[in-house]
Structures are given as C-alpha cells and as structure tokens.
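Worksheet: the structure to be examined is printed underneath.
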Amino acid sequence: MIELANVQKAFGANRVLQGVNLTIPKGTSMVIIGGSGTGKSVLLKCILGLVRHDAGSITLDGQDVTTAPRDAFLARFGMLFQGGALFDSLTVWENVAFRLLRGAGRLPQEEARAIALEKLRRVGLQPRVADLLPAELSGGMQKRVGLARAIAAQPEIIFFDEPTTGLDPIMAGVINDLIREIVVEMGATAMTITHDMTSVRAIADNVAMLHDGLIRWTGPVGSLDSADDPYVQQFIHGRATGPIAAVR
Amino acid sequence: MTAAGGLALIGRPVLAALAALGRIALYAGQTLLAALRPPFYWREFRMALLQVGWLSLPVVGLTALFTGGALALQIYAGGQRFSAEAVVPQIVAIGMVRELGPVLVGLMIAARVTSSIAAEIATMKVTEQIDALVTLSTNPMQYLTVPRVLAGLFCVPVLVAIGDIIGIMGGFLVGTGQLGFNRATYIQNTVDFLEAPDIVSSLVKGAVFGVIATLIGCYHGMQSGRGAQGVGAATKTGVAAAAVLILAANFILTSVMFGQ
C-alpha cells in the first residue's frame, strides 16, 4: 500500500503540492486526474524519489520511501513514461530487457532476449521489431515498447504517466486495454496519471482529482459521474466554465 | 553608474563563475566515487572509446598536420631574421609536443566530444531517459558519466601522441618539400632534441584535457534546462567552458612542469 500524508513540494514560489493526502491500496488501480500543470507528474516523481518532497511523508507498505534501500525499493516499480523514454542507442529488445541485463539478478543475454520477446508479444508487437531502434518505430509502437519495458521485470507497482497522450483513439484504446489486462493479470498496484476520461473509465478502480496542489475528490470510478464536487463535474465533462479557471 | 554598481557588475559574474567551478568540482568528486563502486558498464565504455577516440582521429590528424606545416613556415620566416632557419625541426618538435599538440587536440575534443556528450545527455534528460534510468535501478552517474570520462582519460593522451607525430610530420613535409631541409637531418634533429619530459608532459596534458572535455560535457548535459533551448544552451555552455578550462589547465600544467 502506498500512503501519502500532507505531501508538499514547491519550486521556488510555485507551491505545486500543498498537502496531498492519498492512499493507494495494494492490488488496485488508482488514476489521478487534473488539469495540466497541477502537479500530477511531480506527485508521481515524489513517490519514486526522482523529486524530493519538501514536507509530509510517503510510505510504501509502512516504510518511508526516502529511507528505504534504494535498489530494492526501485526494483518493486515499473514505469511507463509519457514519451516512452526509450534509450535511443539501444535496440527495442535491449530497451525491454534493460533491467534484466543489469544489476544483481542479471540474466544471460539469451534468456533476457527471450523474456523481452515474450513481453513484446504481450503488448502486441511482433518479434521483427525487436532488433529495430526506437527511432524506427511509430509513437504508438514506442508507447507499447515502453509498456513492455515497464512490465519486463514483473514489478509489484506500475506507474503510467499519460499513457495515451498523443495517440489516435484506436491506439489509445489498445493501450488502455493492455494496461487493464496487465494490471489484473499481474495483480499489480497501478497508479496512472491522465486527463483522458476514456482512459480513466478503462483503467481505474479508484480515481483522485488533484487541483491547486490538493486532492479535491477521491472515490471509486463508479461514483465519479455522481460526485457532487463542482471541480470534478467541470473536469469530467470538459466544461469551459466553472470553478476551474480555463486560463491559468 | 556608481562605483559600487560597477563593482557589482564585475562581482556578480565572478561569483557565478566561482560557484559553477565549485559545482563542477563536486560533480568531479561524485564521478570519482561512482567510478570506484561497481557496477562498471563495459559496453558503454567501449562505445565511449569509439566516440571519443577512434571517431576523433580524422579531425585531430588534419588539425595537427596543417598546424605543423604552418608552424614550420612561421619558424623559418621568423628564424631568417636572426639567421636561425636551421632550428625549424627542433622548434616544430618542441612546439608541437609541449604546447600545440595537446592544446589543439584538447580544443578539437572540446568542439567534437564535449558538444556531442552535452547534447546527447541533455536530450536524454529532456525526454525523461535519465529518470527512466533511475527507475530501472541504474545510477546515471555510473552509466553515463563514468564510461565517458574514463574514455577521455585513456583516449585523449593517445590522440595527443598521434597529433604530435602528425604535426611533426606536417613540419617535416613543409621543411623538406618547400624549405629545402635534408630529410635525414630533419628527422635526426627532431629525435635528438626531444626529451622524455617533453613527451610525458604532452601525455599528461592529454589525460587532463580528456577528463575536462568529457566531464564538462556530462555536467552540462545533466544540468540542462527544458526543451530544445535547454539542449542548445547546455551544448554551447559546455563547449565554451571546456575550452576555457582546457586553456587554463594548460597554463597551470606548463607552469608546474616547465616554470622557472
């Protein structure tokens, strides 16, 4: 279980997170929604330790993430980055098998390649793409390779940062279905950042809305439409008028 | 403008430069610590050897060749004023080995390697590849910086040695082809005049300049701002800083090794 208590983060005078409280139970899929620039990615990076929060606490199964042994802590995570973040100089299969080829539990190359090919198949990519470079793939394929890399080492917790941004609706649907299938199949805890409401309904067990550095609303995805919070209603219906300023 | 305002105008950039030097020194210390800890990424090291060493050979060779030739012409023209034309082989040799070889190779490496390292790492940062490395339990310092800096440490002295030889060869070609020097005498004078400390100083300078060029490229790449502008600024600042630091280091090393 991931627990955030009064998490705060500022960049200079810009207070991005102003006291976030959130609990993500083990084995569930939490989707964080909110407008652009509301600190969703910062929140995710704070959990991973990529950005150090200024105040509050973040715990994973009761252990403070800032004091947990770093390698063991990160070994529990997989992450799909918004742009894929594939390593340009490595082939597709080397990207997928990156973690498998390094560190204490490194596998022989043939074994790692076999796992990479299996993960590529799992995300709907054929073996022939394995030896291509990321630059030779389309945006949707890069996203799927990123997804294959995120799940390659069978992590307990998977983060998805804007998994469908920049994709056409069909490819976005494919990615949403894949994420849902993989999370259910692996029994992983998932945390997704998105402002794509189709993704929210496809991926989420629970939803939390981040606005002005605070969690404004959280609850099961089934109660999202009936939420009585005007911020949530404006956001999920994409209205230009309401409590959330359109010009920020 | 008041006197205090004028002093502040000078003081601010000086303080900023000193702060930057301090951060670079800290980064160098972190690199050293990372180099002493496992794992060591051999594949990245081999790739860096190729990039820093092998692929820099053409630019280093051509620069040294033309500089050696020009140096021979200048020394001959200057030497004529004192009837000292005969010292061309000796001065070309000492000039190339002690100063021009290491400095020109260092500056060429700053232009070619520092820029490419800074741009590559800055792009990786902008596209979240550095964050991805961290989430994949890989220390970016060990994966990106250590292999490149070690490649600079080992490759650039070799490039300097090659540059020295090609530069002397440039002087030889001009001296024997255009200035009428006897081939055997030219080579004999060159070999007789050079001493071991000259060659050692050249290689030491190469190693120091190699570390500076690669370390500064990595540092500015890692410090890059956002977007294309951030990558451009990291590259530009990296090359300028590496060039200035190489020239400053050259002065210090020359003072230490040859100062009276």
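All of the numbers you see were taken from the coordinates with simple rules; none came from a lab. Note that the structure is a prediction, hence the values are computed from the model and not measured. Here the Cβ is made from the backbone with ideal geometry for all residues, glycine too, and neighbour counts use every protein chain on show.
I need the Debye-formula profile for the stretch B:47-185: one equal scatterer per C-alpha, no solvent, reported as log10 I(q)/I(0) at q = 0.12, 0.16, 0.20, 0.21 1/Å, two decimals.
Evaluating at q = 0.12, 0.16, 0.20, 0.21 Å⁻¹ gives log10 I(q)/I(0) of -0.57, -0.80, -1.05, -1.11.
Of A:105, A:37, A:213, which is the most mobile in a GNM of chain A whose springs link Cα atoms less than 10 angstrom apart?
Evaluated over chain A, the most mobile residue of the options is A:105.
Give me the extension gain from residue A:15 to residue A:63: residue separation times 0.36 nm, minus the current Cα-Cα distance, reported in nm with one decimal.
On the way: separation 48, 0.36 × 48 = 17.28 nm, distance 2.58 nm.
Taking 0.36 nm per residue and subtracting the Cα distance, the gain is 14.7 nm.
Work out which helices of chain B, taken as complete DSSP H runs, extend at least 24 Å along their axis over the Cα atoms and score a mean Kyte-Doolittle of 1.0 or more, then list them.
Qualifying helices, which must be both long enough and hydrophobic enough, are B:3-36, B:57-80, B:146-177, B:196-222, B:227-258.
Please report the projected area of the protein assembly as shown's Cα convex hull averaged over all directions, in nm². Before the final figure, lay out the partial values.
Values: hull surface 129.6 nm².
For the Cα atoms of the protein assembly as shown, the hull's average projected area reads 32.4 nm².
Compute from the Cα atoms of the stretch B:116-160 the Rg and the Dmax, the latter being the longest Cα-Cα distance, and quote both in angstrom.
Final numbers for Rg and Dmax: 12.5, 39 Å.
Round to the nearest 0.05 the FRET efficiency obtained for residue B:244 and residue A:8 when R0 = 41 Å and r is the Cβ-Cβ distance.
Values: r = 40 Å, r/R0 = 0.99.
That gives a FRET efficiency of 0.50.
Relative contact order for the stretch B:14-170 using alpha-carbon pairs under 8 Å, separation at least 6, rounded to a whole percent?
Values: 135 pairs, mean separation 72.0, N = 157.
Relative contact order for the stretch B:14-170 comes out at 46 percent.
For residue B:74 and residue B:228, FRET efficiency with R0 = 56 Å and r from the beta-carbon atoms, rounded to 0.05? Could you put the intermediate results ahead of the total?
On the way: r = 42 Å, r/R0 = 0.76.
Working from the Cβ atoms, E equals 0.85.
Let me know the Rg and Dmax you get for the stretch B:115-257 when you use only its Cα atoms, in Å.
20.1, 66
For residue A:128 and residue A:154, compute 0.36 nm times the residue count separating them, minus their Cα-Cα distance, and round to one decimal in nm. Please list the in-between numbers first.
Working: separation 26, 0.36 × 26 = 9.36 nm, distance 2.32 nm.
So the chain would gain 7.0 nm between residue A:128 and residue A:154.
Residue B:256 to residue B:195: extension gain in nm, 0.36 nm per residue of separation minus the Cα-Cα distance? Don't jump to the answer; show the numbers that get you there.
Details: separation 61, 0.36 × 61 = 21.96 nm, distance 1.71 nm.
Result: 20.3 nm gained on full extension.
Mind checking which helices in chain A clear 20 Å along their axis (Cα) and have mean Kyte-Doolittle hydropathy of 0.0 or more, DSSP H runs only? Can you show the working numbers first?
Values: long enough: A:169-186 (25 Å, 1.08).
Span-like helices, by this rule, are A:169-186.
Please report the antiparallel percentage of the DSSP beta bridges confined to the stretch A:125-236, to the nearest 5. If you can, show how the numbers build up before the last one.
Values: 6 of 11 bridges.
Here the antiparallel bridges make up roughly 55 percent for the stretch A:125-236.
Starting from the stretch B:112-220, pick out the GluC sites (Glu not before Pro) whose DSSP state is loop and whose Cβ has at most 11 other Cβ atoms within 10 Å.
Answer by residue number: B:195.
Regarding the stretch A:1-132, what are the three Cα extents along the principal axes, ordered largest first, in Å?
48, 31, 29
Among B:180, B:170, B:29, which one shows the highest mean-square fluctuation when chain B is modelled as a Gaussian network with alpha-carbon springs under 10 Å?
Among B:180, B:170, B:29, the largest GNM mean-square fluctuation belongs to B:180.
Run a plain Debye calculation on the stretch B:1-107 (Cα atoms as equal point scatterers, no solvent) and give log10 I(q)/I(0) at q = 0.09, 0.13 Å⁻¹, rounded to two decimals, same order as the q list.
The calculated log intensity ratios at q = 0.09, 0.13 Å⁻¹ are -0.55, -0.84.
Helix-only estimate, please: 222 nm mean residue ellipticity of chain B, summing -39500 (n - 2.57) across DSSP H runs of length 4 or more and dividing by its residues, to the nearest 500. Show your work: numbers first, answer last.
Numbers: 11 runs with 206 residues, N = 260.
My calculation for chain B gives -27000 deg cm²/dmol from helical runs alone.
Please compute the alpha carbon radius of gyration of the stretch B:158-227, then divide it by the globular-protein estimate 2.2 N^0.38 Å. Two decimals is fine. Let's see the in-between values first.
Numbers: Rg = 18.5 Å, N = 70, 2.2 N^0.38 = 11.1 Å.
The stretch B:158-227 yields a ratio of 1.67.
222 nm [θ] for chain A, helices only, -39500 (n - 2.57) per DSSP H run of 4+, per residue, to 500? Each step should come with its number before you reach the end.
Numbers: 8 runs with 79 residues, N = 248.
Taking each H run of at least 4 residues, the total per residue is -9500 deg cm²/dmol.
When chain B is treated as a GNM, springs tying every alpha-carbon pair under 10 Å, which of B:196, B:151, B:77 comes out with the largest mean-square fluctuation?
The residue that fluctuates most here is B:196.
Counting only DSSP beta bridges with both residues in the protein assembly as shown, what percent are antiparallel, rounded to the nearest 5?
Around 55 percent of the beta bridges assigned by DSSP in the protein assembly as shown are antiparallel ones.
Just the number, please: Stokes-Einstein D of the stretch B:35-79 in µm²/s, Kirkwood Rh from C-alpha pairs, 4 °C, 1.567 mPa s.
Numbers: Rh = 13.4 Å.
Once the numbers are plugged in, D ends up at 96 µm²/s.
Express the C-alpha Rg of the stretch B:137-196 as a ratio against the empirical globular expectation 2.2 N^0.38 Å, rounded to two decimals. Walk me through the intermediate numbers first.
On the way: Rg = 19.3 Å, N = 60, 2.2 N^0.38 = 10.4 Å.
Its radius of gyration relative to the 2.2 N^0.38 Å reference: 1.85.
Across all directions of projection, what mean area in square nanometres is found for the Cα convex hull of the stretch A:97-198?
Working: hull surface 26.9 nm².
With every direction weighted equally, the projected area is 6.7 nm².
Roughly how many debye, to the nearest 20, is the charge dipole of the stretch A:157-245 about its Cα centre, given +1 on each Lys and Arg Cβ, -1 on each Asp and Glu Cβ, and no other charges? Please report the intermediate quantities before stating the final value.
Numbers: 4 positive and 12 negative charges, 36 e Å.
For this selection, approximately 180 debye.
Run the simple label-point estimate for residue A:197 and residue A:52 please: 7 Å along Cα→C-beta, distance reported in nm.
Between residue A:197 and residue A:52, the label points sit 4.1 nm apart.
How long are the three semi-axes of the equivalent ellipsoid of chain A, in whole Å, if each is the root of 5 times an eigenvalue of the C-alpha gyration tensor, listed from largest down? Before the final figure, lay out the partial values.
Numbers: eigenvalues 191, 92, 50 Å².
After diagonalising the Cα gyration tensor, the semi-axes are 31, 21, 16 Å.
Given just the C-alpha atoms of chain B, how large is their convex hull per residue in cubic angstrom? Intermediate values should be presented prior to the final figure.
Values: hull volume 46.4 nm³, N = 260.
Looking at chain B, the number lands at 179 Å³ per residue.
Go from 0 up to the bin containing the longest alpha carbon distance in the stretch B:80-137, width 10 Å each, and give me the % of pairs per bin.
Distribution as computed: 19, 23, 19, 15, 11, 8, 4 percent.
Among DSSP beta bridges whose residues both lie in the stretch A:155-217, state the antiparallel percentage, nearest 5. Before the final figure, lay out each step's value.
Details: 3 of 8 bridges.
That works out to approximately 40 percent antiparallel.
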